[in-house]
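Here is the structure we will look at, set down as structure tokens.
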Amino acid sequence: MQKAHLIFNPVAGQGNAELELELIQRLLSEKFELETKLTTPDRDADELAAESIKQGVDAIFVSGGDGTVSAAANAVIRTGTPLGVIARGTANAFANALSIPTTIEAACENILKLQTKTVDVAFCNNRPMVLLAGIGFEAETVRLANREAKNRFGMLAYILAGIRQLRDLEHFEAEVETDDKVVSFTASALTVANAAPATSVLAQGPAGLVVDDGLLDLTIVAPANRTSAIAATYHLLQSALSGNPAERDDIGYLRSKRFKITTNPPQKVVLDGEMIGTTPIEVECVPAGLVVFMTDPEADIPTEKIDGLPDLVVESKDLVVEPKDSVV
């Protein structure tokens, strides 16, 4: 049997953690020599996963909410050790983004198939990023959906926070720099995504994210008012569900390996569900940075759509090509 460590957050979810742990242990022990580590207020999943990597395990499994899953994933980046996800949180964005089942039995069955896929990750201001970075509206919505609200309302907490945030919709000036251009415009929300489920509506400009293409996807939402914001959000939801890219003038998207984003005034930034400060940010993709137990979904999305954004200015960057050394 392969040796594997299970990192389990006992306070995640709303089920009976003791019974859930017993079920996971029983199912995974069919093919793995399993050791369990519990997270505590003093020992997070990233610390436990880093210890497991040093101990030379063949696989790491993590069970908890998105914070726990992302923390464990951060420690596994660039190690080649496969990560198995058993989601037990409120949103389960990581699992949904990668089409990993979100029930315990199905998630364990997914792992027991022993199928893995290498996916991209990223770094945002030198912090590991598995899912996405949200600027403006999305960051404020996550901030308002606190732990008490999520425990009480579940996914509805994010919806209620979003409605509340619409009352104070703010616009800001933004400048986005990629490898080949600098784009400036006015917006209310920017989302840089490596991977995102359909429920992360503000990341759905291209209507699908490819998790192994070596590129990041930036969605720009620039509604003129609250009514337009509601319409744009609904349109993005429809894009996610239908697989068709956004076509409204107040929604744009770009794809690039790296983004440098500045705003005026500075905006709050949320990274994989956690507040990390304010803009500016620099995000860069790390191709093939993480190995995950999962099947291989396919996607085909367009490259870019920015026409129609308010106050749009696009400046081409002259790329300097270094001359190759001559061969004698």
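Every number in this text was worked out from the coordinates using simple rules, so none of it is lab data. These numbers were taken from a predicted model, which means no experiment stands behind them. In this analysis, Cβ positions are derived from the backbone assuming ideal geometry, glycine residues included, and neighbour counts consider all displayed protein chains.
Of the trypsin sites (Lys or Arg not before Pro) found in the range 1-109, those in coil by DSSP whose Cβ has at most 12 other Cβ atoms within 10 Å are Arg78. Computed from backbone phi, the HN-Hα couplings of the range 25-30 come to 4, 5, 5, 6, 5, 5 Hz, rounded to whole numbers (Karplus: 6.51 cos²θ - 1.76 cosθ + 1.60, θ = phi - 60°; Gly and Pro given as x). List the residues whose amide H sits under 5 Å from the amide H of Lys37, counting only those 5 or more places along or on another chain, with H placed 1.01 Å from N in the peptide plane. Amide H to amide H, under 5 Å and 5 or more residues apart or across chains, Lys37 pairs with Leu6, Ile7, Phe8. DSSP bridge analysis restricted to the range 2-114 gives an antiparallel fraction near 5%, rounded to the nearest 5. Taking other C-beta atoms within 10 angstrom as a stand-in for reagent exposure, Met129, Met294 fall in the order Met294, Met129, fewest first. Taking the Cβ-Cβ separation of Thr278 and Leu312 as r and a Förster radius of 30 Å, what is the calculated FRET efficiency to the nearest 0.05? E between Thr278 and Leu312, to the nearest 0.05, is 0.80. Sort the range 242-293 into rounded, prolate or oblate with this rule: let a ≥ b ≥ c be the square roots of the eigenvalues of the Cα gyration tensor; rounded if a/c is under 1.5, and if a/c is not under 1.5, prolate when a/b is larger than b/c, oblate otherwise. Oblate shape, in that a/c is at least 1.5 and b/c is the bigger or equal ratio. Quick one: which of Lys37/Lys117; Lys54/Lys117; Lys113/Lys268; Lys3/Lys257 span more than 32 angstrom between C-alpha atoms? Correct reply: Lys113/Lys268; Lys3/Lys257. Each of Asp120, Asp311, Asp217 was scored by other Cβ atoms within 10 Å of its Cβ. Listed from fewest to most, they are Asp311, Asp120, Asp217. If the segment from Arg226 to Val11 were pulled out straight at 0.36 nm per residue, it would be longer than the present Cα-Cα gap by 73.7 nm. Quick one: grab the alpha carbon gyration tensor of the range 2-114, order the square roots of its eigenvalues as a ≥ b ≥ c, and give me rounded if a/c is under 1.5, else prolate or oblate depending on whether a/b is larger than b/c. Rounded, since a/c falls under 1.5.
Stretching the chain fully between Glu109 and Ser29 yields a gain of 27.6 nm (0.36 nm per residue, less the alpha carbon separation).
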